[in-house]
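What follows is a set of notes on a single structure, which appears directly below.
The values are calculated or read from the model by the stated rules, or taken from the named source; none is laboratory data. Keep in mind it's a predicted model, so treat the numbers as computed, not measured. Glycine also receives a Cβ, built like all others from the backbone with ideal geometry; neighbour counts cover every protein chain displayed. Side chains are part of the model used for accessible areas, which takes the heavy atoms of the whole protein and leaves out ligands, DNA and RNA. Shrake-Rupley method; radii C 1.70, N 1.55, O 1.52, S 1.80 Å.
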Amino acid sequence: MSQSEARIALNEFAAKISEEHLGPLWDNLGHMITLKPKHEVIPYLWKWQTIRNYLLEAGPLLALGRESERRVIYLQNPSLLKDGKIGYSTNTLYVGVQLLLPGEVAPSHRHSQAAIRFIIEGDGGAYTTVDGEKTYMERGDLVLTPPWTWHDHGHEGTEPVFWMDGLDVGLVKTLTGSFFEPYHENKYPLSGPPDGSVARYASGVRAISERKRKGYPSPLINYKWSNIKQALEGLERLDPDPYDGYAVDYINPTTGGSADARIGTTMQRLTPGMHTKAHRHVHSAVYHVLEGSGYTVIEGQKFEWEQGDFFVVPPWLWHEHVNTGTGTVHLFSVNDRPVMEILGLEQEEELRDNNGQQEVARTFEPARLSK
Ligand code: GTQ
């Protein structure tokens, strides 16, 4: 049999077994087991003013209640929208921005997805209740609602409050583990005074009443910005990380592991003029610019950002960060690093060429979806 005859015979063979829902590995191995991570997630950037204006427009349009649950506009990675898909921010992560108006209540519910909130704007009168602990949310705070904990949001202040939601929606969907349950009342009953966990844990020490507590979820539900800021100031006395500047991971005080077991949370400080080296890693991340201005180069493309903006760093793409302003930059991000670590999938590589920095080939412009 000649080579081409053999190929034809093999193709016929493949067609024949496919009728029994069987496939030949020899044709598909390279698609299943790729040489390096392959995915459809593209780097993208969303402007804060666009999201904020649309949310304010949605304010009077959408009443909060059991039909709507939450007033949230979320980041749809353009490449994950194909084939009628809903589109998240990366394969694993969903990020949205939520608006709560004075006096409103977003009713209590629970779900198997992990969720974090990062507070962007408001006068401090808004709160989240997590399994009966009420915590007031100020700009820069990170609030956890671990999987399957009851949570509702309310607002006793006078100004609209905006925060970032991060959930592992894509991950849980892929793993077919989604469950949701509404609470039978709008508000879950309080089990103690507000911010009990902050009082017991937030300063790197813990109340002695908590000695026996260990494991997941984290007993601390609000990582106050004032504490995180202080930690970053302390780090400035040391050498910065070459790829991430002065950076901290939020941790569970009883384990030292990630604050949320599945969603990694990180805060980076870039001092004026700082330009980090490029690296790439398996985990993906969604960034929010808490303050400052600069840009991130992702695979040769420049993403310019300022306060409030969001951008996606997909898996295994080269990226580096630059502070171009006169002030300090603080970048908050959610990532799926804890999952990659637990599953033994995390890999990291540093860029060696060009002194560890990329050539900038083009600058990102948001593309409107034409319908
Ligand atoms: O506030 O509980 O953005 O359940 C998506 C799902 C927020 C929330 C989101 C949610 C919430």
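If you check Glu57 against the conditions, is it in a loop (DSSP other than H, G, I, E, B) and over 21 Å from Trp316 (Cα atoms)?
Here the answer is no, as Glu57 does not meet what is asked.
Taken over the range 38-62, the criterion of being aliphatic (A, V, I, L, M), farther than 25 Å from His109 by Cβ and either open to solvent by less than 40 Å² (accessible area, probe 1.4 Å) or within 16 Å of the ligand (Cβ to nearest atom) (or both) is satisfied by Val41, Leu45.
Among the residues of the range 125-155, the ones that are polar (S, T, N, Q) and either at pLDDT below 95 or away from the ligand (no atom under 12 Å from the Cβ) (or both) come to 1 in all. Cβ-Cβ contacts under 6 Å between residues 6 or more apart (or on different chains), taken from a first residue in the range 240-252 that is crowded, with 20+ Cβ neighbours inside 10 Å to a second residue that is among the hydrophobic types (A, V, I, L, M, F, W, C), are listed as Gly245/Leu270; Gly245/Met274; Tyr246/Leu232; Tyr246/Leu235; Tyr250/Leu142; Tyr250/Ala259; Asn252/Ala259. Number of residues in the range 87-101 that are within 19 Å of Asp168 (Cβ to Cβ), among the hydrophobic types (A, V, I, L, M, F, W, C) and touching a Phe, Trp or Tyr at 6+ places or on another chain (Cβ under 9 Å) equals 2. For the range 1-37, taking the residues that are surrounded by 10 or more Cβ atoms within 10 Å (Cβ to Cβ) and of a type in the set (S, T, N, Q), the one that is modelled with the lowest pLDDT is identified as Asn28.
Of the residues making up the range 1-52, those that are among the basic types (Lys, Arg) and over 30 Å from Val161 (Cα atoms) number 4.
For the range 168-192, a residue qualifies if it is open to solvent by less than 10 Å² (accessible area, probe 1.4 Å) and either touching a Lys or Arg at 6+ places or on another chain (Cβ under 7 Å) or assigned to a loop (DSSP other than H, G, I, E, B) (or both), and exactly one does: Asp168.
In the condition set (1) open to solvent by 50 Å² or more (accessible area, probe 1.4 Å); (2) assigned to a loop (DSSP other than H, G, I, E, B), Gly140 is compliant with all but (1). A single member of Glu57, Glu19, Glu12, Glu40 is charged (D, E, K, R) and in contact with a Leu (Cβ under 7 Å, 6 or more places away or on another chain), and it is Glu40. Looking at the range 277-371, the strands (runs of 3 or more DSSP E) lying wholly inside it that each contain 1 or more residues that are touching an Asp or Glu at 6+ places or on another chain (Cβ under 7 Å) and crowded, with 20+ Cβ neighbours inside 10 Å sit at 279-281, 285-291, 294-298, 329-335. Out of the residues in the range 68-80 that are open to solvent by less than 40 Å² (accessible area, probe 1.4 Å) and closer than 18 Å to Pro366 by Cβ, which is nearest to the ligand (Cβ to nearest atom)? The qualifying residue nearest to the ligand (Cβ to nearest atom) is Leu75.
The lone criterion from (1) in a strand (DSSP E or B); (2) open to solvent by less than 40 Å² (accessible area, probe 1.4 Å); (3) in contact with a His (Cβ under 9 Å, 6 or more places away or on another chain) left unmet by Asp165 is number (3).
Of the strands (runs of 3 or more DSSP E) lying entirely inside the range 81-124, those containing at least 2 residues that are under 25 Å from Lys38 (Cα atoms) and within 11 Å of the ligand (Cβ to nearest atom) span 94-100. In the set (1) surrounded by fewer than 21 Cβ atoms within 10 Å (Cβ to Cβ); (2) assigned to a loop (DSSP other than H, G, I, E, B); (3) at pLDDT 95 or above, Gly65 fails one condition alone, (3). Among the candidates Asp152, Asp123, the residue that is within 26 Å of Pro60 (Cβ to Cβ) and open to solvent by less than 10 Å² (accessible area, probe 1.4 Å) is uniquely Asp152. Taking Val360, is it closer than 21 Å to Ala259 by Cβ and in contact (Cβ under 8 Å) with a residue 12 or more places away in the chain? In short, no.
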